[in-house]
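The next block holds one structure in the form of structure tokens; read it before the comments.
Just so you know, all these numbers are worked out from the coordinates, no wet-lab data involved. Source: prediction; values computed, not measured.
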Amino acid sequence: AVLGLGINVHLGEQDAGQIDQPWVDLRSIVGGAIDRNRLTAILIQRLEQMFTEFASTGLGGFLARWQQAHLYHGQNVRVLRGDDELEGVVTGIDETGAIQVRDASGQVRAFHSGEISLRAGTHAPAG
């Protein structure tokens, strides 16, 4: 398995001006400089703990925490898959990690992260 992790530590004004969606960096949150070496050490330690827990509980051990913390839970989104587009409301993830989206007809559809891009939707689905 490969894990990719991107963290905005400090975005300069020029870089920030090129981002076309909401963003935040750690410097803005804490109000000062971030020690990148300390941050990296803490992340490695926490990731090691998380991988150990995952090895014993699987995704099931993380579902409740994930449902409470993820950005799109309960939000209107557009799911983009190639030329196909679906608008709906994110209802969570399933035991395989697929994101679940309730469409306008009320049907819940599952999408795996490698196949989709999520952006805030413009219309609330009916139902």
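Rounded to the nearest 500, what is the 222 nm mean residue ellipticity of the chain from helices alone, with -39500 (n - 2.57) per DSSP H run of 4+ residues and division by all residues?
One gets -8500 deg cm²/dmol as the mean residue ellipticity at 222 nm.
Let me know the whole percent of all Cα-Cα pairs from the chain that are separated by more than 24 Å. More than 24 Å apart: 46 percent of the Cα pairs in the chain.
Which angle from 0 to 90°, rounded to the nearest 10, does the C-alpha axis of helix 36-57 make with the longest principal axis of the chain? Taking the Cα atoms of the chain, the angle to 36-57 is about 50 degrees. Phi-derived couplings, Karplus 6.51 cos²θ - 1.76 cosθ + 1.60 at θ = phi - 60°, listed residue by residue for segment 97-108: x, 6, 6, 10, 10, 8, 7, 4, 7, x, 6, 9 Hz, with x used for Gly and Pro.
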